[in-house]
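Colleague: Quick one: the structure is below, questions incoming.
Taken together, the values in this text are just the output of simple stated rules run on the coordinates, not laboratory data. Fair warning: this is a prediction, and the values are worked out from it, not measured in the lab. Ideal geometry is used to build each Cβ from the backbone, glycine not excepted, and the neighbour counts take in all protein chains shown.
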Amino acid sequence: MRRAAKVDSNQPALVEAFRKMGCSVLIVAQLKQCCDIFVSKNLKTAAVEIKDGTLPPSKKMLTEGELKFAQTWKGMYFIVEDLSGVQLVVRNLES
């Protein structure tokens, strides 16, 4: 039996921030070898991996599947730890 995917503690707050900034958010954290969410605004979409910025660097490393996804994804891809990361993604979606 497969266990539920572990979600970073800051994911709900960051998803809410994206939505308050007018973005659509699709949560796909349960998928293996993928990112945590897809964020869309102005007909542009970005793959976003969420990491908990309060953890030490060793706990924020990409898994093998996350790294493979990041290396092969041909669209916008971001790693977001906090609100400033959310703002960076939204600026890229708006430009």
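Colleague: Taking the highest mean first, how do the peptides 52-61, 15-24 order by number of other beta carbon atoms within 10 angstrom per residue?
Modeller: Descending mean neighbour count gives 15-24, 52-61.
Colleague: Ranked from highest to lowest mean number of other Cβ atoms within 10 Å per residue, what is the order of the peptides 38-49, 71-82?
Modeller: 38-49, 71-82
Colleague: Per residue of the chain, what 222 nm ellipticity follows from adding -39500 (n - 2.57) for every DSSP H run with n ≥ 4, rounded to the nearest 500?
Modeller: Helices in the chain give a 222 nm mean residue ellipticity of -9500 deg cm²/dmol.
Colleague: Let me see the P(r) profile for the chain: every Cα-Cα distance counted, bins of 5 Å, each bin given as a percent of all pairs.
Modeller: Once binned at 5 Å, the Cα pair distances of the chain give 3, 14, 26, 26, 20, 9, 2, 1, 0.
Colleague: Right, here's the next one. Which of rounded, prolate or oblate describes segment 8-47 when judged by the alpha-carbon gyration tensor and an a/c cut-off of 1.5? Could the numbers behind the result be given before it?
Modeller: Values: a/c = 3.12, a/b = 1.24, b/c = 2.52.
Oblate, because a/c is 1.5 or more while a/b does not exceed b/c.
Colleague: If you don't mind, another one. Treating cross-link reach as a plain straight distance, find the lysines whose alpha-carbon is under 30 Å from the alpha-carbon of Lys68, omitting any fewer than eight places away in the same chain.
Modeller: Lys6, Lys32, Lys41, Lys44, Lys51, Lys59, Lys60
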